[in-house]
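Enquirer: One structure follows; several queries about it will come next.
The values are calculated or read from the model by the stated rules, or taken from the named source; none is laboratory data. Because the structure is predicted, anything quoted here is derived from the model rather than measured. Ideal geometry is used to build each Cβ from the backbone, glycine not excepted, and the neighbour counts take in all protein chains shown.
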4 protein chains.
Amino acid sequence: MATTRPVDASRRSGRARSAIHRAALDLTTEVGFTNVTVEAIAARAGVGKQTIYRWWSSKGAVVFDALLAANENAAGTLDLPDTGDVVADLRGVLRTMVAELAEPANDRLQRAVTAEIQHDRALAGEVVERLLRPQVDAIVARLRRAQEVGQLPPAADPAIVAELLIGPVFHRWLLRTGPLDPAFADSVVDHTVGTPGLGSADSAAV
Amino acid sequence: MATTRPVDASRRSGRARSAIHRAALDLTTEVGFTNVTVEAIAARAGVGKQTIYRWWSSKGAVVFDALLAANENAAGTLDLPDTGDVVADLRGVLRTMVAELAEPANDRLQRAVTAEIQHDRALAGEVVERLLRPQVDAIVARLRRAQEVGQLPPAADPAIVAELLIGPVFHRWLLRTGPLDPAFADSVVDHTVGTPGLGSADSAAV
Amino acid sequence: MATTRPVDASRRSGRARSAIHRAALDLTTEVGFTNVTVEAIAARAGVGKQTIYRWWSSKGAVVFDALLAANENAAGTLDLPDTGDVVADLRGVLRTMVAELAEPANDRLQRAVTAEIQHDRALAGEVVERLLRPQVDAIVARLRRAQEVGQLPPAADPAIVAELLIGPVFHRWLLRTGPLDPAFADSVVDHTVGTPGLGSADSAAV
Amino acid sequence: MATTRPVDASRRSGRARSAIHRAALDLTTEVGFTNVTVEAIAARAGVGKQTIYRWWSSKGAVVFDALLAANENAAGTLDLPDTGDVVADLRGVLRTMVAELAEPANDRLQRAVTAEIQHDRALAGEVVERLLRPQVDAIVARLRRAQEVGQLPPAADPAIVAELLIGPVFHRWLLRTGPLDPAFADSVVDHTVGTPGLGSADSAAV
DNA sequence: GGCTAAGCGAGACGGTACGTCTTGTCTTTAG
DNA sequence: CTAAAGACAAGACGTACCGTCTCGCTTAGCC
């Protein structure tokens with residue numbers, strides 16, 4: 001060509017970065033995190049291994065960075081719906097959570113993440129802060145509004161209640177202790193914020 | 001064990017078996033599951049690698065079998081104390097759970113197990129059935145007794161309530177979303193079976 | 001056999017012995033000596049490994065014992081034909097030798113033997129004495145008769161001449177330095193005992 | 001080298017290559033070819049196993065490549081002395097050959113080579129062409145000069161005569177059919193090119 | 001004709017080496 | 001001058017055999 005374009009190094013490096021992100025995510029869902037190799041990511045991304053090692057410290061770091069980047073882009077709003085009925089709203093939230101975890105690609109990816117952060121505290125912190133925390137905060141906010149309108153006793157700690165909701169779903173999903181379906185989601189919500197008098201036989205007797 | 005290949009087990013060397021178990025557990029707590037190698041286990045146990053591969057299919061299988069065997073031996077009774085006060089009893093159970101997870105060696109081992117079973121469904125099933133299930137069942141039994149004496153509303157599903165108790169603890173431990181201390185254990189119990197009227201603002205208002 | 005350990009041979013199972021012999025020979029021609037394993041011989045013969053190790057000291061010992069036993073059975077007489085024409089007779093001998101070495105199964109087996117005896121002096125001795133020596137002796141005997149009837153100069157050492165005949169054929173076969181065909185066999189005989197005056201230009205000039 | 005896999009050799013590390021060559025040769029003479037292992041070569045050379053497997057296909061290939069390289073360096077001239085007396089000259093050649101084969105380190109190495117090339121045709125070809133052929137060619141050249149000056153009958157084929165000289169020495173050495181000493185070397189030369197009339201009793205009678 | 005010592009088939013055992021794979025660093029080469 | 005391509009040292013992988021060692025079970029031969 002007559003006019004050769006000047007090589008823009010910053011743009012090129014961005015190309016490599018996103019190619020690596022894409023390759024990392026694709027490979028993880030295709031063969032599972034354990035079977036992903038740095039070499040495979042480099043090959044798939046059309047990139048030298050050194051280009052990966054220059055910016056990331058390990059396979060884990062690459063894949064999570066990719067995951068976080070993807071999530072951040074797709075983030076959108078995390079405001080929970082507020083129909084005025086906190087039980088109905090939370091049922092919706094937990095049903096969504098259950099549905100997402102049931103989706104195979106998601107399930108695989110989340111399990112890989114959960115497994116991996118068990119031996120990398122730094123990654124763990126980042127994943128929790130950037131993927132999980134926003135979700136929890138949204139629930140806490142919704143619970144606070146419920147408290148304001150008297151749908152939740154003032155004594156209840158919204159932060160604890162949020163964990164009471166998320167914890168069992170997470171537990172059942174991760175350990176497969178039972179079927180993870182909408183019915184379970186509803187049960188958790190009902191036992192936590194829905195059933196009057198669950199807290200004590202006395203109140204039920206009232 | 002279920003995780004072993006069904007060869008002729010009658011000729012199996014008990015000496016080798018227990019040496020491998022011990023080596024596997026020791027190494028896992030010493031260097032962490034990820035850094036354990038089959039070769040190291042074999043060397044430490046004074047055993048040929050083939051003797052490991054003859055009876056187990058992977059590093060994971062060895063370590064879990066070791067863990068399960070150790071737990072089975074130490075099992076003893078799983079009956080929860082029944083002081084008549086279900087809230088107090090459950091506080092005790094969760095405080096114990098929290099304390100155990102706080103113990104470094106235990107923490108490491110449990111995290112390794114949890115991470116590993118994410119990519120081995122067979123192991124996952126076994127771990128859940130043999131390590132977790134008994135614990136859950138004991139809590140369910142205790143809850144049922146509470147129901148019989150009117151400390152828990154008849155409408156509550158003891159199985160769900162048990163997960164409401166365990167789930168949040170597990171979640172906070174695994175993801176380190178917050179401090180895992182006795183206070184948190186108490187909070188979970190209180191919000192789940194202790195606080196009258198948590199279930200609804202109405203009942204609290206009564 | 002000399003290569004076996006002197007246990008109590010009276011109880012020895014003939015069935016096992018011959019099954020091992022057969023398996024050893026078959027496997028050697030099938031996959032080559034290097035790829036034969038004691039375990040494979042045992043399996044093929046339907047025999048425990050210990051039964052082999054009880055009577056032989058190594059894979060080599062088994063295969064050679066098998067080979068020697070087979071040869072001894074098939075031995076018959078080694079008398080060379082004596083048509084009165086020593087050149088014609090030796091051409092026949094060498095042509096036969098060449099033809100046998102050209103036969104693939106034989107070629108493989110002989111090469112395996114030759115390779116193996118390079119690192120087992122005891123086996124080497126036995127192979128030479130029991131497989132090679134009779135052949136050489138037969139040639140020497142024929143040469144002596146030729147000498148008696150004046151077809152070979154009295155000064156020639158029949159033992160040396162025999163090696164002059166066998167050596168080149170063996171050399172060309174083992175190292176594949178050239179085509180091993182009847183023409184070569186004839187050439188060797190002719191240059192050694194056939195061509196008048198090969199020995200010196202003077203005699204040729206006579 | 002012909003025994004290597006045709007990867008991109010331009011990037012190859014000369015340091016690794018020669019360290020491997022040296023280690024291979026040293027180990028072979030120290031413990032014998034059979035007891036040499038690729039792992040030991042790698043360890044001794046301070047090299048990863050993969051670096052060996054990247055460029056050679058087997059232990060044999062490494063050792064021979066090392067041997068060939070060493071021989072090529074040390075090659076020098078292969079011109080045989082020409083004193084005018086072909087018998088004396090050839091006696092010298094064969095005595096040298098005998099002496100070299102009698103030297104223990106050499107004996108071990110040559111036997112190992114000879115054994116090994118029995119199950120690797122490619123290696124066999126290379127060894128013959130690069131180690132043996134030059135030697136044979138030198139003898140053939142000397143014989144041709146002898147023919148020109150009438151010390152060898154024109155009818156004799158120098159190539160065959162060369163094999164008549166080398167073959168028996170090789171045969172006796174490899175199979176240990178008898179003492180390999182200078183006397184034998186002389187005998188072979190005398191019976192082949194030295195003794196007038198060995199070819200026929202008639203010429204002797206003249 | 002029963003006892004007993006052996007040989008037997010089987011195969012687990014502690015080992016060694018195999019040839020492959022991946023890691024993270026270092027080096028070459030082409031654009 | 002940079003970055004792809006990929007060689008390198010290291011070391012674990014899971015497999016194949018080694019030669020030794022029990023196991024029960026024939027089976028031979030001496031009492």
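Enquirer: Given the options D:ALA141, D:ALA99, D:ALA105, D:ALA146, name the one that is within 12 Å of another protein chain (Cβ to nearest Cβ) and out of contact with any Cys (no Cβ under 8 Å at 6 or more places or on another chain).
Expert: D:ALA146
Enquirer: Now for a separate question. Which of the following residues is more than 19 Å from A:VAL87 (Cβ to Cβ) and either aliphatic (A, V, I, L, M) or surrounded by fewer than 14 Cβ atoms within 10 Å (Cβ to Cβ) (or both): A:ALA122, A:ALA183?
Expert: After ruling out the rest, the residue left standing is A:ALA122.
Enquirer: Of the residues C:LEU67, C:LEU27, which is within 16 Å of the chain's Cα centre (by Cα) and surrounded by 15 or more Cβ atoms within 10 Å (Cβ to Cβ)?
Expert: C:LEU67
Enquirer: Let me ask something else. Test C:SER10 against the stated conditions and say whether it is part of a helix (DSSP H, G or I), within 15 Å of DNA strand E (Cβ to nearest atom), more than 14 Å from chain D (Cβ to nearest Cβ) and at pLDDT below 90.
Expert: yes
This table checks each residue for (1) aliphatic (A, V, I, L, M); (2) part of a loop (DSSP other than H, G, I, E, B).
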{"residue": "A:ALA141", "(1), (2)": "yes, no"}
{"residue": "A:ALA156", "(1), (2)": "yes, yes"}
{"residue": "A:TRP173", "(1), (2)": "no, no"}
{"residue": "A:GLY178", "(1), (2)": "no, yes"}
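Enquirer: Residues in the stretch D:153-162: is at least one touching a Lys or Arg at 6+ places or on another chain (Cβ under 8 Å) and surrounded by fewer than 22 Cβ atoms within 10 Å (Cβ to Cβ)?
Expert: Yes, the stretch D:153-162 contains at least one residue that is touching a Lys or Arg at 6+ places or on another chain (Cβ under 8 Å) and surrounded by fewer than 22 Cβ atoms within 10 Å (Cβ to Cβ).
Enquirer: Moving on to the next point. Mind checking which pairs have a first residue in the stretch B:159-178 that is facing chain A (nearest Cβ under 7 Å) and a second that is not in a helix (DSSP H, G or I), Cβ under 6 Å, 6 or more apart or different chains?
Expert: If the second residue must be not in a helix (DSSP H, G or I), the pairs left are B:ARG172/B:GLY178; B:ARG172/B:LEU180.
Enquirer: If you go through the stretch B:125-176 one residue at a time, how many are within 13 Å of A:LEU164 (Cα to Cα) and not hydrophobic (A, V, I, L, M, F, W, C)?
Expert: Of the residues in that region, 5 qualify.
Enquirer: If you don't mind, another one. Do any residues in the stretch B:115-127 that are over 18 Å from A:HIS119 (Cα atoms) and within 7 Å of chain A (Cβ to nearest Cβ) have Cβ atoms under 8 Å from those of residues that are assigned to a helix (DSSP H, G or I) and not polar (S, T, N, Q), where the two are at least six apart or on different chains, and which pairs are they?
Expert: Once the first residue is over 18 Å from A:HIS119 (Cα atoms) and within 7 Å of chain A (Cβ to nearest Cβ) and sits in the stretch B:115-127, its partners that are assigned to a helix (DSSP H, G or I) and not polar (S, T, N, Q) give B:ALA124/A:LEU175; B:ALA124/B:ILE117.
Enquirer: Pick out the one residue from B:LEU132, B:LEU109, B:LEU164 that is in contact with a Pro (Cβ under 7 Å, 6 or more places away or on another chain) and at negative phi.
Expert: Matching residue, one of B:LEU132, B:LEU109, B:LEU164: B:LEU164.
Enquirer: Select the helices (runs of 4 or more DSSP H) contained entirely in the stretch B:15-120, then report the ones holding at least 1 residues which are at pLDDT 90 or above, within 16 Å of DNA strand F (Cβ to nearest atom) and among the charged types (D, E, K, R).
Expert: The helices (runs of 4 or more DSSP H) meeting that bar are B:38-45, B:49-55, B:59-74.
Enquirer: Kindly list the number of the only condition in (1) free of Cβ contacts under 8 Å to residues at least 12 places away in the same chain; (2) surrounded by fewer than 16 Cβ atoms within 10 Å (Cβ to Cβ) that fails for A:PRO134.
Expert: A:PRO134 satisfies every listed condition except (1).
Enquirer: Identify, by number, the condition in (1) crowded, with 16+ Cβ neighbours inside 10 Å; (2) farther than 20 Å from A:LEU25 by Cβ that A:GLU148 doesn't meet.
Expert: (1)
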